[in-house]
Amino acid sequence: MSNGLDAHIPAGPIDKKWELHKFESKLINPANRRKYDIIIVGSGLAGASAAATLGELGYRVKCFCYQDSPRRAHSIAAQGGINAAKNYQNDGDSVHRLFYDTVKGGDFRSREANVYRLAEVSAAIIDQCVAQGVPFAREYGGLLANRSFGGAQVSRTFYARGQTGQQLLLGAYGALSKQIAEGTVEMFPRTEMLEVVVVDGHAKGIVVRDMVTGQVSSHAGDCVILATGGYGNVFYLSTNAKGCNVTANWRAHKKGAFFANPCYTQIHPTCIPVSGDYQSKLTLMSESLRNDGRVWAPKKPGDKRPPGQIPEEERDYYLERKYPSYGNLAPRDISSRAAKQVCDEGRGIGDTGLGVYLDFADAISRLSEDAIRERYGNLFDMYHKITNENAYKVPMRIFPAVHYTMGGLWVDYNLMSNLPGLHVLGEANFSDHGANRLGASALMQGLADGYFVLPNTIGGYLATQTGKKGNVNSPEFKKAEEDVRDRTSRLLGIRGKKTVDYFHRELGILLWEKCGMARNDAGLRDALKRIPQLRQEFWENVNVLGANEELNQSLEKAGRVADFLEFAELLCYDALNRRESCGGHFREEFQTPDGEAKRNDEEFAYVAAWEHVGENSPPQLHKEPLEFETVHLATRSYK
Amino acid sequence: MIAPGPVKRNFKLRVWRQKNGQTPGRFAEYEAREIPADASFLEMLDIVNESLITRNEEPIAFDHDCREGICGMCSLVINGAPHGPNSATTTCQLYMRHFADGDTIVVEPFRAGAFPVLKDLIVNRSALDRIQQAGGFVSVRTGAAQDANAIPIPKPNADRAMDAAACIQCGACVAACPNASAMLFLAARVSHFSLLPQGQPERTQRVRAMLAQHDAEGFGNCRNHYECEAVCPAEIPALFIAKLNREYLMAEVKTAVE
C-alpha cells in the first residue's frame, strides 16, 4: 500500500473474500441503471461479455471496436481451450488447486485475492458458455471432455476442437448481438479510440475516430472500460492479429493510469519459425499439441540430417529429460527458454538453426493417425498451409514467439485503475497471471472479468457518481478532440522517406534482441538509448499518405506505431528495474547454475506500477507489495 | 497446386481501386517484384504497398487482421474466386508458391449489393451482423445457467453443431453466389443452434427472424448452385442449407397451426 496504491483487497479468509465483497458492494437499483452510460472499448471475450452483461442488467452501453464486426476481435484466434475447476475428470482438481497452479505458474508475482476469485468463478463460465450453445468437445456418453495444458497435473481444459476462442467469442457475441437488438448496447465497429477524457480526475469519456470517414467525435459517460487486449505487437512479429495495439492503454496511461509490469511478456514455445524478412506475423501451434507431441532436438550440435535419419539415441527429448514430472507439458516460459538454450548450443534445426521438433510419431503409432487428426486436424492443416509440410509424416518445426502480455494497466480488486472511473479487463489489465500465464487461462480471465467480476464491482463506483456524467461539450472533451486532430495532422504532414512498417519492423527487431527471451543490463540500457532515436526518426521521416477524412490504413498504423515507440521505452525501463528473473522475464544475470530463473523475493515481490510524469522524464515507479498469505513463496519447480 | 518455379517470383497485378463508396472504381495494374514463394498473398500485397508508398502512391486498402484464417476479416476475389484458387483456405492462408512466376493475378473486392465497397478492396459486411442480431443466439442471462454437465448431448450432435459453428462469417459464400445469397452463412448459424438442446426454445422464431433479416438486407435466394460450398474456407457443407429449408418450413407450419 505504498504511494497511495491501494488494491482494495477485501478482508476475510481467501475463500470468503469475493462473497463478502459482493455482499458489501453498493448496488444500483434496476430502475436507476438506465441512467448510467457505460463506455466499453474492445469487443473480445472481456469486452463483449461485459457489454452483453451490463446491457442485460439495464445499463446504457456503448461498445467500440476497430474491426468491422465485434466477432472478429483477436480472442477469436485462441485455439486450445479454457480452464475451469470443475473436476469432471475426478483427478483431484479443485478451486484451490487451480488457484495454486495459477499463482505458481505466474512465478509468485500475481495478486492472490484476484487469482483466487478467478478460480472461484471459473466453473460458472463453463456453465454460462454451455447454456449459450458453445459446442465444447464431448465424450461419447454426452458429457464434456477435457484435456491437459501446461503447468497442471490435472485435465481441466475445456475445448472446441482447435477453435475454442472462436466458439467462446461467438457465445459472447451472440449475447452482445441480443443486447444490440434490444437497444441496450450501441455498437460502433470500425471505430478506434484515440483519447481518454478525464474530468475532475475521473475518466468520463473517450474520443474516437471513425475509420471509414475519418470523423473525430467524443462519447461521454459515467465510466470507461478498456478491454483492448495486449501489446505483443510492440515486437512487430507476434502471434497477435495485425491490428492489435497498445494505443487505448497508452493513451489512458498518459492521462494518469499506471502501467503495471510491462516487462512480463509471454513468449509461446510452439510457433512456426520465422522464414524470412517479408513475414508479417507468426502463427501459433496450440499448446494442446504437447499432450501428444514430443519436443526434441539433435544431441549433436550442427546435426543437419533430416529428422527421420536421426536415430532415437541421438535425439534429446530435452523437456522430458529436464522436467520429468511435467515433461512436454512444462509451462510456456520454461519450455521457451529450454528451446532457446538448445538453439544457443547450436542444436537448433532448420535453415536458420532457430527451431526444434514437435514430433507426433509416437502418438500416431500408439493411437492411429485418425485419432490425432480428430484431436488436432485443423492445426495440422494450418501447419501444412503455411509450411507446405505434412506433420503426420515429418515432425513439426517450432520456435518460441511473442504471444501474450501479462503486464497491463494496473487495477485494484474491483478492476478499476488508479484513475477513478477507468476500468480495465482481460489481457489489457495486469492482475491475474503474474510473470507467466498458464495455457488456457486467458480465455478464463477475459470471461471472468466480463461476465462475473466487473458487473458486480461497477456499481460500487457508479453509486458515487450520481450527477457527474461527462459532457461532450465541456472543455475537457474539446481539448481531447483537438489533441487527436493535431496528432493526426502532424502524422500526415511529415511526408518523409520511410514507411510506417519500416519503423515498426526496426522497433520489433531491437526489442526482440534486447528485451526478448533473455535480457541483461547492458542490452536494456542500449535499447533505452536507441528507442528515442528511432522515435525521433519516425517523427521526422515517416511517410503517411492520404488524408484524415477517408479510410486511411497507413494513418491508423502510424498512430499505433507512434504509441508503440513510446511504450517500448517503458517496457525496457521495467525490465531494467526488475533485477531478478521470474516467469517470462529472464535476466541473464539472475539464473541458477542449471539455467533456471532466479527470483529475488526479498527485493522484488511487488507489482511495478509506472506513472507517466511527462514526455521527457523517466517514468516514476510505484510499488504494490505482494503479500502471500495462503500460498507459500517457493522456488518454482517442474522437475 | 504448388506451382514450380524460382524462390522469388514476379507477378502482374490487376487490382480494383476505388476511392470510396460514392466514386466509381477501376482496375489498375501493378508489378509485384521479387516476391518470395513462401510469402502469403497478403504479405505480397504488403510488399507492393511498401513500394507504392515509397513512390508516394497511395497503398491498396484491404481488410485483414488475424492472418491465420480464423477472424474472417480478409476477403478478396482472386482470379475470379473468393479467397483465391485453393479450397478451404482464406486469403491470408494463401501462399504465393501456388502462383507461377509471371502470372497475372486479378484482385477484386467481394461483390454483392448487400456488401457496398468502402474503399478499394474493402467492403461493408455489417449486414451479416444484423442477421445475427435478429436471432443468432440463445437467450440466457449471465449467471442463470445450470451445471454444464446437466444436459448430456450426444457426441455426434455436438460435433455436427461444431461443424456449423465453425463459420467465420467472412461472406465468401455471398461473393461466390450468382444470387448473392447469404444462405450458407444463415444455414450454419441456424443449424448450430437447432442441433443442440439449448437452441430448442427459440428454434421457431430464430429461423423466421433471421431469414426475414437476410431478405431485408438484399441477399438473394438459394438456387442450389453450390458455389458457396466450393469457396467456404471453413468447409461448411451446403447440406446445412437443406436443413435450413426444413427448419423454415417447420417453423412456418408450426406458426400457422398455433
| said: Can you list the helices (runs of 4 or more DSSP H) lying wholly within segment A:1-80 that have 1 or more residues being at pLDDT below 95, under 18 Å from A:Phe452 (Cα atoms) and touching a His at 6+ places or on another chain (Cβ under 6 Å)? | reply: none
| query | Any residue at all in segment A:534-557 that is within 23 Å of the chain's Cα centre (by Cα) and in contact (Cβ under 8 Å) with a residue 40 or more places away in the chain? | reply | yes
| request: Kindly indicate whether A:Tyr66 is of a type in the set (Ser, Thr, Tyr) and surrounded by fewer than 24 Cβ atoms within 10 Å (Cβ to Cβ). | output: no
| request: State yes or no: is B:Glu58 in contact with a Ser or Thr (Cβ under 6 Å, 6 or more places away or on another chain), within 9 Å of chain A (Cβ to nearest Cβ) and free of Cβ contacts under 8 Å to residues at least 60 places away in the same chain? | output: no
| said: Would you confirm whether or not segment A:152-160 contains a residue that is in a helix (DSSP H, G or I), more than 10 Å from chain B (Cβ to nearest Cβ), touching a helix residue (DSSP H, G or I) at 6+ places or on another chain (Cβ under 6 Å) and buried (at least 22 other Cβ atoms within 10 Å of the Cβ)? | reply: no
| Single residue of segment B:138-177 satisfying the filter (at the interface with chain A (Cβ under 7 Å from one of its Cβ atoms) and within 15 Å of the chain's Cα centre (by Cα)) that is surrounded by the fewest Cβ atoms within 10 Å (Cβ to Cβ) | B:Ala166
| query | Can you pull out the residues in segment A:467-482 that are closer than 17 Å to A:Met193 by Cβ and either of a type in the set (Phe, Trp, Tyr) or surrounded by 16 or more Cβ atoms within 10 Å (Cβ to Cβ) (or both)? | reply | A:Gly470, A:Val472, A:Glu476, A:Phe477, A:Ala480, A:Glu481
| Taking segment A:126-141, which residues are farther than 9 Å from B:Ala148 by Cβ, among the β-branched types (Val, Ile, Thr) and in contact with a strand residue (DSSP E or B) (Cβ under 7 Å, 6 or more places away or on another chain)? | none
| field | Odd one out for A:Arg321 among (1) basic (Lys, Arg); (2) over 21 Å from A:Leu379 (Cα atoms); (3) surrounded by 12 or more Cβ atoms within 10 Å (Cβ to Cβ) | value | (3)
| Count - residues of segment A:582-639 that are outside any loop (DSSP other than H, G, I, E, B) and either free of Cβ contacts under 8 Å to residues at least 12 places away in the same chain or under 25 Å from the mean Cα position of the chain (by Cα) (or both) | 20
| said: Looking at the structure I just gave you, is A:Gln89 more than 8 Å from every other protein chain (Cβ to nearest Cβ) and part of a loop (DSSP other than H, G, I, E, B)? | reply: yes
| remark: Every listed condition ((1) crowded, with 17+ Cβ neighbours inside 10 Å; (2) out of contact with any helix residue (DSSP H, G or I) (no Cβ under 6 Å at 6 or more places or on another chain); (3) among the β-branched types (Val, Ile, Thr)) holds for B:Thr54 save (1)
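If you check A:Gly106 against the conditions, is it modelled with pLDDT under 95, over 17 Å from B:Lys155 (Cβ atoms) and away from chain B (no Cβ under 11 Å)?
Details: modelled with pLDDT under 95: no; over 17 Å from B:Lys155 (Cβ atoms): yes; away from chain B (no Cβ under 11 Å): yes.
Taking the combined requirement at face value, the residue does not satisfy it.
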| message | Of the conditions (1) under 30 Å from B:Lys19 (Cβ atoms); (2) surrounded by fewer than 19 Cβ atoms within 10 Å (Cβ to Cβ), A:Ile509 satisfies every one except a single condition; which number is it? | response | (1)
| When you go through (1) of a type in the set (Lys, Arg); (2) farther than 29 Å from B:Cys228 by Cβ; (3) at the interface with chain A (Cβ under 7 Å from one of its Cβ atoms) one by one for B:Arg67, which number turns out not to apply? | (2)
| note | Here the qualifying pairs (Cβ atoms under 6 Å; residues six or more apart or on different chains; first in segment B:112-141 and in contact (Cβ under 8 Å) with a residue 60 or more places away in the chain; second charged (D, E, K, R)) come out as B:Ala114/B:Glu217; B:Phe115/B:Arg125; B:Asp120/B:Arg17; B:Ile122/B:Asp63; B:Ala127/B:Glu217; B:Gly135/B:Arg206; B:Gly136/B:Arg189
| Can you tell me how many residues in segment A:444-497 are on the phi < 0 side of the Ramachandran plot and assigned to a loop (DSSP other than H, G, I, E, B)? | 13
| If you go through segment A:517-542 one residue at a time, how many are under 24 Å from A:Asp486 (Cβ atoms) and surrounded by fewer than 19 Cβ atoms within 10 Å (Cβ to Cβ)? | 8
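What do you reckon, is A:Ala145 out of contact with any Gly (no Cβ under 7 Å at 6 or more places or on another chain) and either at the interface with chain B (Cβ under 8 Å from one of its Cβ atoms) or at pLDDT below 95 (or both)?
Criteria not met by A:Ala145.
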| Looking at this structure, is A:Arg373 surrounded by fewer than 22 Cβ atoms within 10 Å (Cβ to Cβ) and touching a strand residue (DSSP E or B) at 6+ places or on another chain (Cβ under 7 Å)? | no
| In segment B:84-94, what residues are within 10 Å of chain A (Cβ to nearest Cβ) and surrounded by fewer than 24 Cβ atoms within 10 Å (Cβ to Cβ)? | B:Asn86, B:Ala88, B:Thr89
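The values are calculated or read from the model by the stated rules, or taken from the named source; none is laboratory data. All values reported here derive from a predicted model rather than from experimental measurement. Quick reminder, even Gly has a Cβ in these numbers, built from the backbone with ideal geometry, and neighbours come from all protein chains shown.
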